[in-house]
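What follows is a single structure, written as structure tokens, with notes after it.
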Amino acid sequence: MKFGVVVFPGSNCDEDMVYALREIMDQEVVKLWHKETDLKGCDFIIVPGGFSYGDYLRSGAIARFSPVMESVINHANKGGYVMGVCNGFQILTEAGLVPGALLKNRDRLFICQNQYITPVSKNTLVTEGLESKAYNIPIAHGDGRFYADADTLKDLEDNDQIIFKYCDANGSVDEQANPNGSLNNIAGVCNKERNVFALMPHPERAVDPDLGNTDGQALFESILKLV
């Protein structure tokens, strides 16, 4: 498996993702600069977190039009794997690769904390290998409140496209465990074809034993086991 990590001006989680994949998961990884269009033979493209272009318009709105994104969209449309994390989630919504939108957090404050999430759909690369329990994964965002209209939400539920929800330590999903006001506690979704995945939490920040939390490894292990 060859991973490509896209780098935009303002990305600040690309190195974390490269480290997690290369040093912890022992995978081949290359960086893909935003001005490039060559995906360098990568099988799995990751759009990492950060503040692409400063996010002065809408989060991900400018990055969506970077040259590399045309290639990423083509890759996804041909069935190639793509995953967006945090700002990467926002970029994928702006590019139309996953449904919904990300709005300002409920309290309009930046949130940086450990947060429990639980898998919902078990029919994706990212979740099929996971247990039905709470995973402690860091979040760090100001525009992470997932929103979709009623029809889109119904489609997400009917097509089993909700891949993660925020929960408490026991795996219970309720409003008290919702850190940012996301609709129905949604923390991650996928496309109908199940080759594009988007999540707000940062699994790459929970893979190194030196940090005292390796819950994020399970998400990467699920991907590697199934591909």
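The values are calculated or read from the model by the stated rules, or taken from the named source; none is laboratory data. Keep in mind it's a predicted model, so treat the numbers as computed, not measured. Backbone-built Cβ (ideal geometry, glycine too); neighbour counts: all protein chains shown. These accessible areas exclude ligands, DNA and RNA; they are computed on the full protein's heavy atoms, side chains included. Shrake-Rupley method; radii C 1.70, N 1.55, O 1.52, S 1.80 Å.
Data table
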item	result
Accessible area, probe 1.4 Å, largest first, for residues LEU219, LEU102, LEU183	LEU183, LEU102, LEU219
Prolate/oblate/rounded label for the chain (Cα gyration tensor, a/c 1.5)	rounded
Residue-level accessible surface for GLU28, protein heavy atoms, 1.4 Å, Å²	100 Å²
By accessible area with a 1.4 Å probe, ligands and nucleic acids excluded, highest first: order of SER222, SER172, SER11	SER172, SER11, SER222
Cα-projected label distance for ASN77 with PHE110, points at 7 Å along beta-carbon direction, nm	3.6 nm
Set of lysines near LYS40 by C-alpha distance (under 22 Å), chain-local residues within fewer than 8 positions excluded	LYS2, LYS31, LYS78
For region 141-156, 3J(HN,Hα) per residue [Karplus equation, 6.51 cos²θ - 1.76 cosθ + 1.60, θ = phi - 60°, Hz, x = Gly/Pro]	7, x, 10, x, 7, 5, 9, 8, 6, 4, 5, 5, 4, 4, 4, 4
Counting DSSP beta bridges with both ends in the chain, the antiparallel % (nearest 5)	55 percent
Amide H contacts under 5 Å for GLY10, placed H, 5+ residues apart	TYR53
Whole-angstrom gap from region 100-127 to region 155-200, using each part's C-alpha centre	6 Å
Carbon/sulfur fraction of accessible area - region 149-211, other protein chains in place, 1.4 Å, %	41 percent
Neighbour-limited loop hits for chymotrypsin sites (Phe, Trp or Tyr not before Pro), region 1-64 (at most 14 other Cβ within 10 Å; DSSP other than H, G, I, E, B)	TYR56
Of all DSSP beta bridges in region 1-125, antiparallel share, percent nearest 5	5 percent
Simple spin-label estimate for LEU226 and ASP149 in nanometres, 7 Å along Cα-Cβ	3.0 nm
Mean Cα-pair separation over length for the chain, i.e. relative contact order, pairs under 8 Å, 6 or more apart, %	20 percent
Candidate aspartates and glutamates for bridging to LYS225, where Cα separation is under 12 Å - those fewer than 8 sequence places away on the same chain excluded	GLU128
Listed residues ASN136, PHE89, ALA101: farthest to the positive end of the dipole of the chain (Cβ charges)	ALA101
Loop trypsin sites (Lys or Arg not before Pro), region 148-227, which have at most 16 other Cβ atoms in a 10 Å radius of their Cβ (DSSP)	LYS192
Separation in nanometres of the label points that stand 7 Å from Cα toward Cβ, at ILE24 and LYS40	2.1 nm
Whole-number accessible area per residue in Å² for the chain, which is evaluated in the context of all protein chains at 1.4 Å	43 Å²
